[in-house]
Amino acid sequence: MIRFEDVSVTYDGAAEPTVRGIDFEVPEGELVLLAGPSGVGKSTVLGAVSGLVPHFTGGTLRGRVTVAGRDTRTHKPRELADVVGTVGQDPLSHFVTDTVEDELAYGMESLGLAPDVMRRRVEETLDLLGLADLRDRPIATLSGGQRQRVAIGSVLTPHPSVLVLDEPTSALDPAAAEEVLAVLQRLVHDLGTTVLMAEHRLERVIQYADQVVLLPAPGAPPVLGDPAEVMAVSPVYPPVVALGRLAGWTPLPLTVRDARRKAGDLRQQLESAAPKGRGEPRDQPHAARTRQRPPQPTPVGAAHIQALSVTRSRIQALRTIDLTITPGETIALMGRNGAGKSTLLNSLVGLVTPSSGTVRVGEAAPHRTAPKDLVRTVGLVPQEPRDLLYADTVAAECAAADQDAGAEPGTCRALVRELLPGVTDDAHPRDLSEGQRLALALAVVLTARPPLLLLDEPTRGLDYAAKARLVTVLRALAAEGHAIVLATHDVELAAEIAHRVVLLAEGEVIADGPMADVVVSSPSFAPQVTKILAPQHWLTVSQVRAALEETGR
């Protein structure tokens, strides 16, 4: 159905091809996963299938890409629209209408389908993706994860024979991601749809793949094969595979179920050991950190929220939130898409005005504080990093960040080198991958070293190595006394870094406590290692490795 024949792509002004030697075939009715570190050209490979590369992006494509027998060099994206449905990393760039239902119908209108067919398919898609309650909602009022589901639905309604998906679960909560992947699997198995998908959160998708195409490094030829065989040699792999490698399991398990069947001996080895947590932030007792703490002067770098409610576009996004954040504390803010996580972060940074209640960051009310003063108190890395990036080069972004923060010249660039090794000064932010742009935005915010750091889905587009670098930076900041709040669906990140989890549902706090206590009892938010080694309370592979080394096993 999709065939690459010795394909290379070189963008204008680039000294080397972004990808080269791409030669593989995706058979009809299979789900093929495109894996590899950030920046190796996965989005370029996907764009070549839909014709966006090179017709929209520019550059030179050598070799041949055919989709259902159509050569993408001679067929522009609109001439492939009846065959290929594409969802990119950025749902906002995908939308052309204002409401959910109109967006789901737009692609079918463009193809001239009959009204009764369009109506039936819209209803089917609303049910498949859990969007029925949102059908009349303006897209501008949706959360990032809800927008991603709408973007996926809009390409499902025309019933294309090929789906090309770039990070389709990156902004989805665990339950919504499972629903979307179950839909894709049904399309593949029951309707013979061909799916080519790039995804960094391999723990979510690897078990659904018929084959894996691994791009191991920039410009390197792909490795194609069975998922377990490719994961054995891949530089990127999910926690279940990392645990399998540590334990020496053969063949490597790809699912929690398969790993649990192999984990009996490992559980016995770990029985006498206890998971080592990260301890209390800054050695403060947990009782001093709970949201029931009596109101008192807020420490510099901390925040206190009392009875906060926010109503936006007649929708109550937050309801009487009480929350205290102390210096040195890392909080994972979790919950379903639309639970109010981004609204809470925006309230802390002054982008949202409380409908009632109070928000204090240090001694300031964020919505009443000038941005130039607030930047040294609280910093937000948003879901869409392009909102913070406006210069033409990485060097210019860093120079502006140093000036805005009053920092020594070179401060931001040093952070970029730490988070994004290999990115050049003259690179344009728009030419970076989604994960690279996010890391650049993080460096811009960190330049001011705000005592309170907020991150909204900080691992979108990041591979496991980039995520590990992010964890190292955030741990160092927490050790220095910075308070960190990250809204995330990435349970593996939360397991690595969070002292505390705050769960939101329908704009209310439904759980607030130590990481291990909250996630171990949650089927949705428990990390893979916890599920595999239950009833023992292990969270991460690094915890297991340290315990085995300590016991000499």
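The values are calculated or read from the model by the stated rules, or taken from the named source; none is laboratory data. Bear in mind that the values here come from a model prediction, so they are computed numbers and not experimental data. Virtual Cβ from ideal backbone geometry, glycine too; neighbours counted across all protein chains shown. Just so you know, the surface numbers come from the protein's heavy atoms only, side chains and all, with ligands and any DNA or RNA stripped out. Shrake-Rupley method; radii C 1.70, N 1.55, O 1.52, S 1.80 Å.
Listed values, structure above:
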| read-out | value |
| --- | --- |
| Test: residue in region 69-85 that is of a type in the set (A, V, I, L, M) and in contact with an Asp or Glu (Cβ under 9 Å, 6 or more places away or on another chain) | no |
| Contacts under 7 angstrom Cβ, first residue in region 537-552 being open to solvent by less than 50 Å² (accessible area, probe 1.4 Å), partner of a type in the set (Val, Ile, Thr), 6 or more apart | Trp538/Val529; Trp538/Thr530; Trp538/Val544; Leu539/Val529; Leu539/Thr530; Thr540/Val529; Val541/Val529; Val544/Val529 |
| Residue, nearest to the chain's Cα centre (by Cα), within region 372-398, restricted to residues that are over 27 Å from Val361 (Cα atoms) and open to solvent by less than 80 Å² (accessible area, probe 1.4 Å) | Val394 |
| Scan of region 522-539 for residues that are part of a loop (DSSP other than H, G, I, E, B) and either touching a His at 6+ places or on another chain (Cβ under 7 Å) or over 26 Å from Ser309 (Cα atoms) (or both), ordered by number | Ser522, Pro523, Ser524, Ala526, Pro527, Ala534, Pro535, Gln536, His537, Trp538, Leu539 |
| Residues located in region 540-553, provided they are assigned to a helix (DSSP H, G or I) and not aliphatic (A, V, I, L, M) | Ser542, Gln543, Arg545, Glu549, Glu550, Thr551 |
| Residues of region 72-97 that turn out to be closer than 30 Å to Gln146 by Cα, touching a residue at least 24 places away in the same chain (Cβ under 8 Å) and in a loop (DSSP other than H, G, I, E, B), as a count | 9 |
| Pairs, first closer than 16 Å to Val45 by Cβ and open to solvent by 20 Å² or more (accessible area, probe 1.4 Å) in region 60-71, second of a type in the set (Ser, Thr, Tyr) and not in a loop (DSSP other than H, G, I, E, B), C-beta under 8 Å, six or more apart | Thr60/Thr10; Leu61/Ser8; Arg62/Ser8; Arg62/Thr10; Gly63/Ser8 |
| Which numbered condition Gln185 misses (of (1) in contact with a helix residue (DSSP H, G or I) (Cβ under 8 Å, 6 or more places away or on another chain); (2) within 28 Å of Gln316 (Cα to Cα); (3) of a type in the set (S, T, N, Q); (4) open to solvent by 20 Å² or more (accessible area, probe 1.4 Å)) | (2) |
